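Chemist: Dropping a structure here in structure tokens format, bear with me for questions.
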Amino acid sequence: QVQLVESGGGLVQAGGSLRLSCVASGGTFSTYAMAWFRQAPGKDREFVARITRNSGNIRYADSVKGQFTISRDNAKNTVYLQMNSLEPEDTAVYYCAAAKTLLPGIGSDGYLYWGQGTQVTVSS
């Protein structure tokens with residue numbers, strides 16, 4: 001059983017930056033592909049970014065390409081999401097998720113473990 005704990009969310013003005021972290025425990029972190037999803041009020045959860053076990057394959061949602069960067073440090077059991085040029089539309093609860101498959105897709109059903117989420121609020 002893998003436990004995921006996100007941190008780094010908060011309130012930021014439009015144009016600002018935040019870096020989210022997700023620390024994993026209870027499993028071998030380097031054997032999991034990791035991803036970030038987000039859910040805005042009244043909307044479905046949506047894929048943000050995914051990184052494979054060795055960081056060799058990274059995928060982003062079109063809406064965040066060039067704005068967000070996903071990375072991981074297997075020695076620290078941590079995956080990060082650097083978010084720049086934030087806009088009010090980025091306001092959401094951000095979740096990290098772990099998948100055992102080598103190259104999981106963008107659907108949430110491909111991920112086994114989920115964190116509880118961290119709130120990101122961007123003011124205009």
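The values are calculated or read from the model by the stated rules, or taken from the named source; none is laboratory data. Because the structure is a prediction, the values reported are computed rather than measured. For neighbour counting, all protein chains shown are included, and Cβ atoms are generated from backbone atoms with ideal geometry for every residue, glycine included. Ligands, DNA and RNA are excluded from the accessible area calculation, which covers all protein heavy atoms including side chains. Shrake-Rupley method; radii C 1.70, N 1.55, O 1.52, S 1.80 Å.
Chemist: Please identify the pairs in which a residue from region 1-21 that is in contact (Cβ under 8 Å) with a residue 24 or more places away in the chain and within 14 Å of Ala92 (Cα to Cα) has its Cβ atom under 8 Å from the Cβ atom of a residue that is open to solvent by less than 50 Å² (accessible area, probe 1.4 Å) and among the charged types (D, E, K, R), counting only partners at least 6 apart or on another chain.
Modeler: Note: pairs meeting the criteria are Leu20/Glu6.
Chemist: For region 93-112, which positions are under 17 Å from Gln3 (Cα atoms), among the hydroxyl-bearing types (Ser, Thr, Tyr) and part of a loop (DSSP other than H, G, I, E, B)?
Modeler: Tyr111
Chemist: Then there's this: Within region 1-58, which residues are surrounded by fewer than 17 Cβ atoms within 10 Å (Cβ to Cβ) and over 20 Å from Gln116 (Cα atoms)?
Modeler: Of everything in region 1-58, those that are surrounded by fewer than 17 Cβ atoms within 10 Å (Cβ to Cβ) and over 20 Å from Gln116 (Cα atoms) turn out to be Gln13, Ala14, Gly15, Gly16, Ser17, Ser30, Thr31, Asn54, Ser55, Gly56, Asn57, Ile58.
Chemist: A further question on this structure: Within region 45-57, can one find any residue that is more than 16 Å from Met83 (Cβ to Cβ), small (Gly, Ala, Ser), in a loop (DSSP other than H, G, I, E, B) and touching a residue at least 12 places away in the same chain (Cβ under 8 Å)? It would help to see each step written out before you state the result.
Modeler: Kept after step one, since they are more than 16 Å from Met83 (Cβ to Cβ), are these residues of region 45-57: 45, 52-57.
Checking the rest, the ones that are also small (Gly, Ala, Ser) come to 55-56.
Subset that is in a loop (DSSP other than H, G, I, E, B): 55-56.
Filter again for touching a residue at least 12 places away in the same chain (Cβ under 8 Å), leaving 55.
So far as region 45-57 goes, yes, one or more of its residues are more than 16 Å from Met83 (Cβ to Cβ), small (Gly, Ala, Ser), in a loop (DSSP other than H, G, I, E, B) and touching a residue at least 12 places away in the same chain (Cβ under 8 Å).
Chemist: Being open to solvent by 60 Å² or more (accessible area, probe 1.4 Å) and outside any loop (DSSP other than H, G, I, E, B) is the filter; apply it to region 59-73 and report the residue that is farthest from Val122 (Cα to Cα). Walk me through it before giving the result.
Modeler: Taking region 59-73 and keeping what is open to solvent by 60 Å² or more (accessible area, probe 1.4 Å), we get 59, 62-63, 65-66, 69.
After this cut, where a residue has to be outside any loop (DSSP other than H, G, I, E, B) as well, the list is 59, 62-63, 69.
Numbers: Arg59: 24, Asp62: 19, Ser63: 16, Thr69: 18 Å.
In this case the residue turns out to be Arg59.
Chemist: Looking at the structure I just gave you, is Ser25 hydroxyl-bearing (Ser, Thr, Tyr), at pLDDT 95 or above and under 17 Å from Val120 (Cα atoms)?
Modeler: Details: hydroxyl-bearing (Ser, Thr, Tyr): yes; at pLDDT 95 or above: yes; under 17 Å from Val120 (Cα atoms): no.
Against the criterion (hydroxyl-bearing (Ser, Thr, Tyr), at pLDDT 95 or above and under 17 Å from Val120 (Cα atoms)), Ser25 does not qualify.
Chemist: Another one. Here is a list: Arg19, Arg38. Which entry is among the basic types (Lys, Arg) and over 17 Å from Ser108 (Cβ atoms)? Reasoning before the result, please.
Modeler: On the way: Arg38 fails: over 17 Å from Ser108 (Cβ atoms).
On inspection, the qualifying residue turns out to be Arg19.
Here is a yes/no grid of residues against (1) open to solvent by 10 Å² or more (accessible area, probe 1.4 Å); (2) β-branched (Val, Ile, Thr); (3) out of contact with any helix residue (DSSP H, G or I) (no Cβ under 9 Å at 6 or more places or on another chain):
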| residue | (1), (2), (3) |
| --- | --- |
| Lys76 | yes, no, no |
| Asn84 | yes, no, yes |
| Tyr94 | no, no, yes |
| Ile106 | yes, yes, yes |
| Asp109 | yes, no, yes |
| Trp114 | yes, no, no |
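Chemist: Ok, one more. Please work out if Leu11 is modelled with pLDDT of 95 or more, assigned to a loop (DSSP other than H, G, I, E, B), at negative phi and among the aliphatic types (A, V, I, L, M). Steps first, please.
Modeler: Numbers: modelled with pLDDT of 95 or more: yes; assigned to a loop (DSSP other than H, G, I, E, B): no; at negative phi: yes; among the aliphatic types (A, V, I, L, M): yes.
No.
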